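Down below is the structure, laid out as C-alpha coordinates.
The values are calculated or read from the model by the stated rules, or taken from the named source; none is laboratory data. Everything numeric here is computed off the predicted structure, so don't read it as measured data. Cβ placement follows ideal geometry from the backbone for every residue including glycine, while neighbour counts extend to all protein chains displayed. For accessibility, only protein heavy atoms count, side chains too; no ligands or nucleic acids. Shrake-Rupley method; radii C 1.70, N 1.55, O 1.52, S 1.80 Å.
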Amino acid sequence: SANQMWGGRFASGPDAIMTAINASIGFDQRLYAQDIAGSRAHAAMLAATGILTSTDAEAIGEGLLTVLSEIEAGNFAFSTALEDIHMNVESRLKDLVGPAAGRLHTARSRNDQVAVDFRLWVRDQCDAAISGLTALMKAFLAQAEAGADWVMPGFTHLQTAQPVTWGHHMLAYVEMLARDKSRFEDARRRMNECPLGAAALAGTSFPIDRHMTAKALGFDRPTANSLDSVSDRDFALEFLSASSICAMHLSRFAEELVIWSSAQFRFVKLSDKWTTGSSIMPQKKNPDAAELLRAKLGRILGATVALFTIMKGLALTYSKDMQEDKEQVFDAADTLMLALAAMTGMVGDMSANREVLAQSAASGFSTATDLADWLVRALNLPFREAHHVTGTLVALAESKACDLPDLSMTEMKSVHDGITQEVYSVLGVENSVRSRTSYGGTSPTRVAEQVARWKTILG
Ligand code: ARG
(Lines give C-alpha, C1' and ligand atoms only; values in the text may rest on other atoms or scores of the structure.)
Protein backbone atom coordinates (compact mmCIF):
# COMPACT_ATOMS: atom_id res chain seq x y z
CA SER A 1 0.00 0.00 0.00
CA ALA A 2 1.04 3.58 -0.51
CA ASN A 3 3.00 5.46 2.16
CA GLN A 4 0.96 7.19 4.87
CA MET A 5 3.24 10.28 4.74
CA TRP A 6 3.28 10.85 0.98
CA GLY A 7 0.81 8.28 -0.36
CA GLY A 8 -1.11 10.94 -2.26
CA ARG A 9 1.15 10.80 -5.24
CA PHE A 10 1.88 7.06 -5.15
CA ALA A 11 -0.18 4.21 -6.51
CA SER A 12 1.90 1.40 -4.99
CA GLY A 13 4.28 0.85 -2.11
CA PRO A 14 8.00 0.22 -2.39
CA ASP A 15 9.66 -3.04 -3.36
CA ALA A 16 10.80 -5.01 -0.33
CA ILE A 17 14.42 -4.53 -1.33
CA MET A 18 13.81 -0.81 -1.74
CA THR A 19 12.56 -0.75 1.84
CA ALA A 20 15.66 -2.60 2.96
CA ILE A 21 18.10 -0.23 1.28
CA ASN A 22 16.14 2.91 2.07
CA ALA A 23 15.20 2.45 5.70
CA SER A 24 17.45 3.95 8.36
CA ILE A 25 15.38 3.12 11.43
CA GLY A 26 17.71 0.20 12.23
CA PHE A 27 20.36 2.73 13.23
CA ASP A 28 18.82 6.20 13.43
CA GLN A 29 16.57 5.10 16.31
CA ARG A 30 19.57 6.18 18.37
CA LEU A 31 18.48 9.74 17.61
CA TYR A 32 15.09 9.36 19.30
CA ALA A 33 15.79 11.70 22.23
CA GLN A 34 17.19 14.40 19.96
CA ASP A 35 14.31 13.95 17.51
CA ILE A 36 11.72 14.37 20.24
CA ALA A 37 13.54 17.35 21.79
CA GLY A 38 13.68 19.01 18.37
CA SER A 39 10.00 18.36 17.74
CA ARG A 40 8.98 19.68 21.14
CA ALA A 41 10.95 22.88 20.58
CA HIS A 42 9.40 23.21 17.13
CA ALA A 43 5.83 22.68 18.42
CA ALA A 44 6.29 25.21 21.23
CA MET A 45 7.61 27.74 18.70
CA LEU A 46 4.68 27.08 16.33
CA ALA A 47 2.31 27.87 19.19
CA ALA A 48 4.23 30.97 20.30
CA THR A 49 4.11 32.37 16.78
CA GLY A 50 0.40 31.58 16.35
CA ILE A 51 1.00 29.02 13.61
CA LEU A 52 -0.53 26.28 15.79
CA THR A 53 -3.21 26.66 18.44
CA SER A 54 -1.91 26.18 21.93
CA THR A 55 -4.39 23.29 22.35
CA ASP A 56 -2.80 21.41 19.43
CA ALA A 57 0.73 22.32 20.51
CA GLU A 58 0.10 21.09 24.03
CA ALA A 59 -1.37 17.82 22.79
CA ILE A 60 1.67 17.37 20.55
CA GLY A 61 4.13 18.23 23.33
CA GLU A 62 2.47 15.80 25.76
CA GLY A 63 2.17 13.11 23.12
CA LEU A 64 5.87 13.42 22.32
CA LEU A 65 6.71 12.87 25.98
CA THR A 66 4.59 9.72 25.92
CA VAL A 67 6.48 8.51 22.84
CA LEU A 68 9.75 9.27 24.64
CA SER A 69 8.78 7.23 27.67
CA GLU A 70 7.55 4.36 25.49
CA ILE A 71 10.89 4.23 23.69
CA GLU A 72 12.84 4.48 26.92
CA ALA A 73 10.79 1.71 28.48
CA GLY A 74 11.47 -0.49 25.45
CA ASN A 75 7.77 -0.57 24.57
CA PHE A 76 8.05 1.05 21.18
CA ALA A 77 7.59 -0.98 18.01
CA PHE A 78 9.97 0.52 15.46
CA SER A 79 8.72 -0.04 11.94
CA THR A 80 10.93 -0.43 8.89
CA ALA A 81 8.02 0.53 6.68
CA LEU A 82 8.10 3.92 8.41
CA GLU A 83 11.68 4.29 7.22
CA ASP A 84 13.32 6.43 9.86
CA ILE A 85 13.11 7.78 13.40
CA HIS A 86 11.32 10.93 12.29
CA MET A 87 8.39 9.10 10.72
CA ASN A 88 8.28 6.43 13.41
CA VAL A 89 7.85 9.10 16.07
CA GLU A 90 5.31 11.08 14.09
CA SER A 91 3.25 8.02 13.26
CA ARG A 92 3.06 6.99 16.91
CA LEU A 93 2.18 10.56 17.83
CA LYS A 94 -0.78 10.34 15.47
CA ASP A 95 -2.02 7.19 17.24
CA LEU A 96 -1.75 9.04 20.53
CA VAL A 97 -3.10 12.53 19.78
CA GLY A 98 -4.98 12.15 16.51
CA PRO A 99 -5.03 14.64 13.65
CA ALA A 100 -3.18 17.37 15.59
CA ALA A 101 -0.04 15.26 15.05
CA GLY A 102 -0.26 16.06 11.35
CA ARG A 103 0.27 19.75 12.15
CA LEU A 104 3.69 19.22 13.77
CA HIS A 105 5.43 19.02 10.40
CA THR A 106 4.27 22.55 9.45
CA ALA A 107 7.25 24.72 8.41
CA ARG A 108 9.62 21.78 8.72
CA SER A 109 11.11 19.01 6.61
CA ARG A 110 12.96 15.84 7.46
CA ASN A 111 15.98 17.58 5.96
CA ASP A 112 16.26 20.19 8.70
CA GLN A 113 14.91 17.69 11.21
CA VAL A 114 17.70 15.17 10.65
CA ALA A 115 20.26 17.98 10.53
CA VAL A 116 19.23 19.22 13.95
CA ASP A 117 18.90 15.73 15.46
CA PHE A 118 22.32 14.69 14.28
CA ARG A 119 23.97 17.93 15.39
CA LEU A 120 22.50 17.53 18.85
CA TRP A 121 23.81 13.97 18.98
CA VAL A 122 27.30 14.85 17.78
CA ARG A 123 27.39 17.80 20.18
CA ASP A 124 26.74 15.41 23.08
CA GLN A 125 29.55 13.21 21.83
CA CYS A 126 31.93 16.17 21.83
CA ASP A 127 31.02 16.69 25.48
CA ALA A 128 31.59 13.00 26.20
CA ALA A 129 34.98 13.10 24.46
CA ILE A 130 35.95 16.22 26.41
CA SER A 131 35.16 14.60 29.75
CA GLY A 132 36.75 11.30 28.73
CA LEU A 133 39.91 13.16 27.76
CA THR A 134 39.93 15.09 31.02
CA ALA A 135 39.82 11.82 32.97
CA LEU A 136 42.64 10.35 30.90
CA MET A 137 44.76 13.49 31.32
CA LYS A 138 44.32 13.18 35.07
CA ALA A 139 45.46 9.56 34.97
CA PHE A 140 48.64 10.52 33.07
CA LEU A 141 49.17 13.46 35.39
CA ALA A 142 49.00 11.20 38.46
CA GLN A 143 51.65 8.97 36.89
CA ALA A 144 53.78 12.03 36.12
CA GLU A 145 53.53 13.31 39.65
CA ALA A 146 54.42 9.97 41.23
CA GLY A 147 57.52 9.56 39.09
CA ALA A 148 58.46 13.14 38.25
CA ASP A 149 62.18 12.44 38.81
CA TRP A 150 62.41 8.76 37.87
CA VAL A 151 65.05 8.30 35.21
CA MET A 152 64.29 6.31 32.08
CA PRO A 153 65.76 6.08 28.60
CA GLY A 154 64.46 8.52 26.04
CA PHE A 155 64.31 7.14 22.52
CA THR A 156 64.58 8.28 18.96
CA HIS A 157 64.22 5.58 16.28
CA LEU A 158 63.44 3.37 19.30
CA GLN A 159 67.19 3.47 19.96
CA THR A 160 68.55 4.84 23.23
CA ALA A 161 68.95 8.60 22.83
CA GLN A 162 69.26 10.50 26.13
CA PRO A 163 68.00 9.86 29.65
CA VAL A 164 64.66 11.49 30.42
CA THR A 165 62.29 11.40 33.35
CA TRP A 166 59.17 9.26 33.64
CA GLY A 167 57.21 12.36 34.61
CA HIS A 168 58.32 14.09 31.45
CA HIS A 169 57.24 11.18 29.28
CA MET A 170 53.82 11.00 30.96
CA LEU A 171 53.34 14.75 30.55
CA ALA A 172 54.05 14.46 26.83
CA TYR A 173 50.72 12.60 26.60
CA VAL A 174 48.98 15.20 28.74
CA GLU A 175 50.04 17.80 26.15
CA MET A 176 48.75 15.69 23.24
CA LEU A 177 45.45 15.00 24.96
CA ALA A 178 45.01 18.68 25.82
CA ARG A 179 45.24 19.49 22.12
CA ASP A 180 42.74 16.73 21.38
CA LYS A 181 40.40 18.18 23.94
CA SER A 182 40.68 21.66 22.47
CA ARG A 183 39.86 20.24 19.03
CA PHE A 184 36.57 18.85 20.39
CA GLU A 185 35.84 22.12 22.19
CA ASP A 186 36.54 24.04 19.03
CA ALA A 187 34.39 21.74 16.87
CA ARG A 188 31.58 21.96 19.40
CA ARG A 189 31.66 25.74 19.34
CA ARG A 190 31.51 25.80 15.55
CA MET A 191 28.70 23.25 15.26
CA ASN A 192 26.53 24.98 17.82
CA GLU A 193 24.19 26.68 15.33
CA CYS A 194 20.65 25.43 14.82
CA PRO A 195 19.55 24.30 11.32
CA LEU A 196 15.91 23.83 12.36
CA GLY A 197 13.65 26.06 10.28
CA ALA A 198 15.69 25.72 7.11
CA ALA A 199 12.81 23.40 6.17
CA ALA A 200 13.41 21.38 2.99
CA LEU A 201 16.10 23.74 1.69
CA ALA A 202 14.72 27.22 1.06
CA GLY A 203 13.29 28.27 4.40
CA THR A 204 9.54 28.69 4.89
CA SER A 205 6.78 31.20 4.30
CA PHE A 206 5.40 30.60 7.81
CA PRO A 207 6.36 33.29 10.34
CA ILE A 208 8.57 30.98 12.42
CA ASP A 209 10.97 32.13 15.12
CA ARG A 210 14.25 30.34 14.55
CA HIS A 211 15.94 32.18 17.37
CA MET A 212 13.44 30.68 19.77
CA THR A 213 14.03 27.08 18.71
CA ALA A 214 17.79 27.61 18.58
CA LYS A 215 17.75 28.87 22.16
CA ALA A 216 15.42 26.14 23.39
CA LEU A 217 17.80 23.48 22.05
CA GLY A 218 20.91 25.08 23.56
CA PHE A 219 22.35 26.45 20.32
CA ASP A 220 24.13 29.80 20.20
CA ARG A 221 22.11 31.00 17.20
CA PRO A 222 20.26 29.72 14.13
CA THR A 223 22.27 28.90 11.00
CA ALA A 224 22.25 31.76 8.49
CA ASN A 225 21.74 29.98 5.17
CA SER A 226 18.98 27.44 4.65
CA LEU A 227 20.72 25.69 1.73
CA ASP A 228 23.89 25.22 3.76
CA SER A 229 21.87 24.16 6.80
CA VAL A 230 20.49 21.02 5.18
CA SER A 231 23.66 20.22 3.18
CA ASP A 232 26.27 20.60 5.87
CA ARG A 233 27.89 17.63 7.57
CA ASP A 234 31.10 19.47 8.47
CA PHE A 235 30.23 19.07 12.14
CA ALA A 236 30.33 15.30 11.79
CA LEU A 237 33.55 15.43 9.78
CA GLU A 238 35.18 17.64 12.39
CA PHE A 239 34.11 15.26 15.12
CA LEU A 240 35.56 12.34 13.16
CA SER A 241 38.77 14.19 12.36
CA ALA A 242 39.30 15.16 15.99
CA SER A 243 38.49 11.58 16.98
CA SER A 244 41.03 10.23 14.50
CA ILE A 245 43.83 12.42 15.81
CA CYS A 246 42.95 11.46 19.36
CA ALA A 247 42.84 7.75 18.50
CA MET A 248 46.23 8.13 16.81
CA HIS A 249 47.63 9.49 20.08
CA LEU A 250 46.11 6.59 22.01
CA SER A 251 47.66 4.16 19.54
CA ARG A 252 51.12 5.57 20.22
CA PHE A 253 50.90 5.06 23.96
CA ALA A 254 49.30 1.67 23.34
CA GLU A 255 52.34 0.67 21.29
CA GLU A 256 54.67 1.89 24.04
CA LEU A 257 52.77 -0.20 26.55
CA VAL A 258 53.05 -3.29 24.37
CA ILE A 259 56.81 -2.78 24.16
CA TRP A 260 57.31 -1.68 27.76
CA SER A 261 55.32 -4.55 29.27
CA SER A 262 57.35 -7.21 27.43
CA ALA A 263 59.74 -9.47 29.35
CA GLN A 264 62.63 -7.88 27.44
CA PHE A 265 61.79 -4.35 28.59
CA ARG A 266 59.89 -4.74 31.89
CA PHE A 267 59.46 -0.93 32.13
CA VAL A 268 55.88 -1.27 33.29
CA LYS A 269 53.65 -3.86 34.81
CA LEU A 270 50.10 -3.83 33.52
CA SER A 271 47.39 -4.74 35.95
CA ASP A 272 45.61 -8.11 35.64
CA LYS A 273 42.49 -6.09 34.94
CA TRP A 274 43.81 -5.05 31.53
CA THR A 275 45.59 -8.17 30.38
CA THR A 276 44.68 -11.72 29.39
CA GLY A 277 46.32 -15.11 29.70
CA SER A 278 47.02 -17.74 27.11
CA SER A 279 45.10 -20.99 26.78
CA ILE A 280 48.33 -22.88 26.11
CA MET A 281 51.28 -20.89 27.50
CA PRO A 282 50.88 -20.63 31.27
CA GLN A 283 53.44 -17.84 31.72
CA LYS A 284 51.64 -15.40 29.43
CA LYS A 285 50.12 -12.10 30.36
CA ASN A 286 49.15 -10.45 27.10
CA PRO A 287 48.53 -6.71 26.77
CA ASP A 288 45.28 -7.21 24.81
CA ALA A 289 43.70 -3.91 25.83
CA ALA A 290 46.80 -2.03 24.65
CA GLU A 291 46.81 -3.95 21.38
CA LEU A 292 43.14 -3.20 20.76
CA LEU A 293 43.75 0.46 21.57
CA ARG A 294 46.56 0.43 19.05
CA ALA A 295 44.08 -0.90 16.47
CA LYS A 296 41.09 1.36 17.13
CA LEU A 297 42.39 4.19 14.98
CA GLY A 298 41.94 1.86 12.00
CA ARG A 299 38.26 1.82 12.65
CA ILE A 300 37.83 5.51 13.49
CA LEU A 301 39.90 6.69 10.57
CA GLY A 302 37.94 4.26 8.39
CA ALA A 303 34.72 6.02 9.42
CA THR A 304 36.35 9.39 8.73
CA VAL A 305 37.42 8.40 5.24
CA ALA A 306 33.99 6.86 4.62
CA LEU A 307 32.14 10.07 5.48
CA PHE A 308 34.52 12.24 3.46
CA THR A 309 33.93 9.93 0.53
CA ILE A 310 30.16 10.03 1.02
CA MET A 311 30.13 13.84 1.09
CA LYS A 312 32.59 14.38 -1.73
CA GLY A 313 31.05 15.88 -4.85
CA LEU A 314 27.48 16.02 -3.51
CA ALA A 315 25.65 18.84 -5.25
CA LEU A 316 23.64 21.04 -2.90
CA THR A 317 21.46 20.47 -1.03
CA TYR A 318 20.31 17.26 0.69
CA SER A 319 20.84 13.94 -1.04
CA LYS A 320 19.99 10.55 0.37
CA ASP A 321 23.68 9.69 0.30
CA MET A 322 23.84 11.70 3.49
CA GLN A 323 21.81 9.09 5.36
CA GLU A 324 25.02 7.03 5.32
CA ASP A 325 26.63 9.53 7.71
CA LYS A 326 25.12 8.13 10.89
CA GLU A 327 26.43 4.58 11.14
CA GLN A 328 29.98 5.81 10.60
CA VAL A 329 29.73 8.47 13.28
CA PHE A 330 27.91 6.20 15.72
CA ASP A 331 30.57 3.53 15.41
CA ALA A 332 33.46 5.98 15.63
CA ALA A 333 31.98 7.69 18.70
CA ASP A 334 31.30 4.40 20.48
CA THR A 335 34.81 3.26 19.67
CA LEU A 336 36.43 6.46 20.88
CA MET A 337 34.52 6.59 24.17
CA LEU A 338 35.37 2.96 24.90
CA ALA A 339 39.00 3.55 23.98
CA LEU A 340 39.28 6.59 26.26
CA ALA A 341 37.73 4.68 29.15
CA ALA A 342 40.01 1.66 28.62
CA MET A 343 43.14 3.78 28.35
CA THR A 344 42.19 5.71 31.48
CA GLY A 345 41.78 2.46 33.42
CA MET A 346 45.00 1.00 32.10
CA VAL A 347 47.09 4.11 32.81
CA GLY A 348 45.60 4.39 36.29
CA ASP A 349 46.40 0.78 37.11
CA MET A 350 49.85 0.40 35.55
CA SER A 351 52.99 0.50 37.67
CA ALA A 352 56.34 1.67 36.40
CA ASN A 353 59.38 -0.38 37.40
CA ARG A 354 61.60 2.36 38.72
CA GLU A 355 64.77 0.22 39.07
CA VAL A 356 64.51 -1.29 35.59
CA LEU A 357 63.90 2.16 34.11
CA ALA A 358 67.00 3.53 35.85
CA GLN A 359 69.21 0.62 34.79
CA SER A 360 68.00 0.85 31.24
CA ALA A 361 68.54 4.63 31.24
CA ALA A 362 72.23 4.09 31.97
CA SER A 363 72.76 1.62 29.15
CA GLY A 364 73.29 2.24 25.44
CA PHE A 365 75.75 5.12 26.01
CA SER A 366 72.80 7.36 26.85
CA THR A 367 75.02 10.10 28.31
CA ALA A 368 77.22 10.47 25.22
CA THR A 369 75.63 13.85 24.46
CA ASP A 370 76.42 14.98 28.01
CA LEU A 371 80.05 14.00 27.45
CA ALA A 372 80.22 15.93 24.17
CA ASP A 373 78.60 18.96 25.82
CA TRP A 374 81.19 18.75 28.65
CA LEU A 375 84.05 18.73 26.12
CA VAL A 376 82.57 21.93 24.66
CA ARG A 377 82.13 23.60 28.05
CA ALA A 378 85.29 22.43 29.84
CA LEU A 379 87.79 22.22 26.97
CA ASN A 380 86.18 24.76 24.63
CA LEU A 381 86.15 22.22 21.76
CA PRO A 382 83.91 23.04 18.78
CA PHE A 383 80.80 20.82 19.07
CA ARG A 384 81.65 18.89 15.90
CA GLU A 385 85.07 17.94 17.31
CA ALA A 386 83.55 17.08 20.68
CA HIS A 387 81.09 14.83 18.83
CA HIS A 388 84.00 13.06 17.11
CA VAL A 389 85.98 12.58 20.33
CA THR A 390 82.89 11.22 22.09
CA GLY A 391 82.17 8.88 19.19
CA THR A 392 85.69 7.48 19.50
CA LEU A 393 85.19 6.96 23.24
CA VAL A 394 81.88 5.16 22.60
CA ALA A 395 83.60 2.89 20.09
CA LEU A 396 86.34 2.19 22.64
CA ALA A 397 83.80 1.36 25.37
CA GLU A 398 81.87 -0.82 22.95
CA SER A 399 85.02 -2.75 22.02
CA LYS A 400 85.63 -3.37 25.72
CA ALA A 401 81.95 -4.26 26.29
CA CYS A 402 81.62 -1.61 28.99
CA ASP A 403 79.74 1.65 29.49
CA LEU A 404 81.22 5.15 29.26
CA PRO A 405 81.66 5.65 33.04
CA ASP A 406 83.64 2.35 33.14
CA LEU A 407 86.47 3.74 30.97
CA SER A 408 89.59 4.55 32.98
CA MET A 409 91.19 8.00 33.03
CA THR A 410 94.10 6.56 30.96
CA GLU A 411 91.68 5.26 28.35
CA MET A 412 89.89 8.60 28.27
CA LYS A 413 93.17 10.50 27.85
CA SER A 414 94.24 8.16 25.06
CA VAL A 415 91.44 9.68 22.99
CA HIS A 416 91.80 13.30 24.15
CA ASP A 417 94.46 14.26 26.68
CA GLY A 418 92.58 17.36 27.89
CA ILE A 419 89.95 15.16 29.59
CA THR A 420 90.00 15.37 33.41
CA GLN A 421 88.45 13.51 36.31
CA GLU A 422 85.54 15.97 36.24
CA VAL A 423 84.16 14.16 33.18
CA TYR A 424 82.76 11.35 35.32
CA SER A 425 80.29 13.72 36.96
CA VAL A 426 78.45 14.29 33.70
CA LEU A 427 78.27 10.61 32.77
CA GLY A 428 75.68 9.67 35.41
CA VAL A 429 72.05 9.60 34.31
CA GLU A 430 70.82 11.51 37.36
CA ASN A 431 73.13 14.40 36.60
CA SER A 432 72.21 14.19 32.97
CA VAL A 433 68.47 14.71 33.52
CA ARG A 434 69.11 17.29 36.26
CA SER A 435 71.11 19.35 33.80
CA ARG A 436 68.33 19.60 31.17
CA THR A 437 66.70 22.65 32.71
CA SER A 438 65.78 24.52 29.52
CA TYR A 439 62.09 25.47 29.38
CA GLY A 440 60.12 22.36 28.48
CA GLY A 441 63.14 20.17 29.26
CA THR A 442 63.21 16.90 31.17
CA SER A 443 64.87 18.01 34.43
CA PRO A 444 62.87 17.07 37.54
CA THR A 445 62.53 20.76 38.48
CA ARG A 446 60.99 21.57 35.10
CA VAL A 447 58.74 18.52 35.28
CA ALA A 448 57.57 19.52 38.76
CA GLU A 449 56.64 22.96 37.41
CA GLN A 450 54.62 21.39 34.62
CA VAL A 451 52.92 18.98 37.00
CA ALA A 452 51.91 21.97 39.12
CA ARG A 453 50.64 23.82 36.05
CA TRP A 454 48.50 20.87 34.93
CA LYS A 455 47.16 20.33 38.43
CA THR A 456 45.91 23.90 38.43
CA ILE A 457 44.34 23.44 35.01
CA LEU A 458 42.75 20.06 35.69
CA GLY A 459 41.78 20.75 39.29
N1 ARG B 1 16.60 9.28 7.13
C2 ARG B 1 17.04 10.45 6.47
C3 ARG B 1 18.53 10.67 6.73
O4 ARG B 1 19.02 10.09 7.61
C5 ARG B 1 16.27 11.63 6.96
C6 ARG B 1 16.16 12.74 5.97
C7 ARG B 1 15.34 12.29 4.83
N8 ARG B 1 15.02 13.36 3.94
C9 ARG B 1 14.59 13.07 2.73
N10 ARG B 1 14.31 14.09 1.97
N11 ARG B 1 14.50 11.88 2.28
O12 ARG B 1 19.22 11.39 6.03
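Taking label points 7 Å from Cα along the Cα-to-Cβ direction, Thr420 and Ile259 give a separation of 3.9 nm.
Share of segment 153-210's accessible area from carbon and sulfur, percent, 1.4 Å?
Working: 1320 of 2540 Å².
Roughly 52 percent, rounded to a whole number.
Which pairs in the list Lys296/Lys455; Lys181/Lys296; Lys138/Lys273; Lys138/Lys181 are over 22 Å apart, alpha-carbon to alpha-carbon? Going by Cα-Cα distance, Lys296/Lys455 fall outside the 22 Å limit.
Determine, from the Cβ-Cβ distance of Asp331 and Glu185 and an R0 of 22 Å, the FRET efficiency 1/(1 + (r/R0)^6), rounded to the nearest 0.05.
On the way: r = 23 Å, r/R0 = 1.04.
Efficiency for this residue pair is about 0.45.
Counting only protein heavy atoms and using a 1.4 Å probe, what share of the accessible area of segment 2-130 belongs to carbon plus sulfur, as a whole percent? If you can, show how the numbers build up before the last one.
Values: 2900 of 5590 Å².
Answer for segment 2-130: carbon and sulfur cover 52 percent of the accessible area.
How much length is gained on full extension from Ala315 to Leu458, taking 0.36 nm per residue of separation minus their Cα-Cα distance?
Values: separation 143, 0.36 × 143 = 51.48 nm, distance 4.44 nm.
47.0 nm is the gain from fully extending Ala315 to Leu458.
Could you report the chain's accessible area per residue, 1.4 Å probe, as an integer in Å²? Spell out each step's value before the answer.
Working: 21360 Å² over 459 residues.
Ligands and nucleic acids excluded, the result is 47 Å² per residue.
Within the accessible surface of segment 326-390, defined with a 1.4 Å probe on protein heavy atoms only, the carbon and sulfur portion equals 52 percent. Straight-line cross-link reach from Lys320 at under 20 Å between alpha-carbon atoms covers these lysines, not counting any fewer than eight positions away in the same chain: Lys312.
Counted residue by residue at 0.36 nm each, then reduced by the alpha carbon distance between them, the extension gain from Arg252 to Ser363 reaches 37.6 nm. Shown here for segment 383-459: trypsin sites (Lys or Arg not before Pro) in loop regions (DSSP other than H, G, I, E, B) with at most 14 other Cβ atoms within 10 Å, namely Lys400. In this simple spin-label model, placing a label point 7 Å from the Cα along the Cα-to-Cβ direction at both Glu411 and Asn225 gives a separation of 7.2 nm.
At 37 °C and 0.692 mPa s, what whole-number value in µm²/s does Stokes-Einstein give for the translational diffusion of segment 406-453, with Rh from the Kirkwood sum over Cα pairs?
Working: Rh = 12.6 Å.
Reported coefficient: 261 µm²/s.
In segment 152-279, the ratio of gyration radius to Kirkwood radius, Rg to Rh, stands at 1.25 when only Cα atoms are counted. Among the aspartates and glutamates, select those whose C-alpha is under 14 Å from the C-alpha of Lys215, and discard any that sit fewer than 8 residues away in the same chain. Counting by Cα, and skipping residues close in sequence, Lys215 has these aspartates and glutamates nearby: Glu193. As a length-normalised measure over Cα pairs under 8 Å and 6 or more apart, the relative contact order of the chain settles at 16 percent. Summary value for segment 1-147: 27 percent relative contact order, contacts being C-alpha pairs under 8 angstrom separated by 6+ residues.
Taking a ≥ b ≥ c as the square roots of the eigenvalues of the Cα gyration tensor of segment 22-74, is the shape rounded (a/c under 1.5), prolate (a/b larger than b/c) or oblate? Working shown, then result.
Details: a/c = 3.10, a/b = 1.89, b/c = 1.64.
Verdict is prolate for segment 22-74.
Listed by chain and number, the lysines whose C-alpha is less than 20 Å from the C-alpha of Lys400, apart from same-chain residues fewer than 8 away, are Lys413.
Between the listed residues Phe308, Ile208, Ile25, the Cα displaced farthest toward the positive end of the dipole of the chain, a dipole computed from Cβ unit charges relative to the Cα centre, is found at Ile208. The shape of the chain comes out prolate: with a ≥ b ≥ c from the C-alpha gyration tensor, a/c is at least 1.5 and a/b beats b/c. Positive contributions from Lys and Arg (+1) and negative ones from Asp and Glu (-1), summed over other residues with Cβ under 14 Å from the Cβ of Ala341, come out at +1.
Compactness ratio for segment 1-124: Cα radius of gyration over 2.2 N^0.38 Å (N = residue count) comes to 1.05.
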